Amino acid sequence: MQIIWEQDAVSDLTELRNYIAQFNPSAADKLGKQIIESANLLKENPLLGKVGKLYETRELVIPNTSYTLVYYCESSSLTILRVFHQSRKWEKFVEEKEQT
């Protein structure tokens with residue numbers, strides 16, 4: 001199964017790593033690797049995450065972090081839509097997706 005990262009998800013990952021790197025570069029690298037490794041687990045286990053808040057999405061909570069991958073699964077590919085900090089509000093994201 002192919003994993004595709006939407007530009008929003010890539011931006012989310014880049015921004016969170018850059019923010020954390022200001023204070024602790026090794027922690028930023030470790031977290032970035034953990035998120036990517038968790039996404040790669042979905043290749044073999046696409047239903048690993050729970051049913052998502054958005055229609056036809058799933059959510060994978062990254063273990064021992066405050067981050068969640070929001071993704072959409074099709075028969076031959078899996079698309080990572082966003083990387084969310086769990087304290088963020090979902091309403092803005094939902095509104096953006098409903099307008100597209």
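Just so it is clear, none of the values below were taken in a lab; they were calculated from the coordinates. Everything quoted here is computed from the prediction, not taken from an experiment. Neighbour counts run over all protein chains shown; Cβ positions are idealised from the backbone, glycine included.
Descriptive notes on the structure:
- Test set (1) crowded, with 17+ Cβ neighbours inside 10 Å; (2) assigned to a strand (DSSP E or B); (3) out of contact with any Cys (no Cβ under 9 Å at 6 or more places or on another chain) - ARG58 fails condition number: (3)
- Of all residues making up the stretch 7-30, the number that are within 12 Å of the chain's Cα centre (by Cα) and over 19 Å from LEU48 (Cβ atoms): 7
- Among the residues of the stretch 63-83, not one is crowded, with 21+ Cβ neighbours inside 10 Å and assigned to a loop (DSSP other than H, G, I, E, B).
- Scanning the stretch 17-72 for residues that are of a type in the set (Gly, Ala, Ser) and closer than 19 Å to ARG88 by Cβ returns ALA28, GLY32, SER38, ALA39, GLY49, GLY52, SER66.
- Hits in the stretch 1-47 - residues which are crowded, with 17+ Cβ neighbours inside 10 Å and not in a helix (DSSP H, G or I): TRP5, LEU42, PRO46
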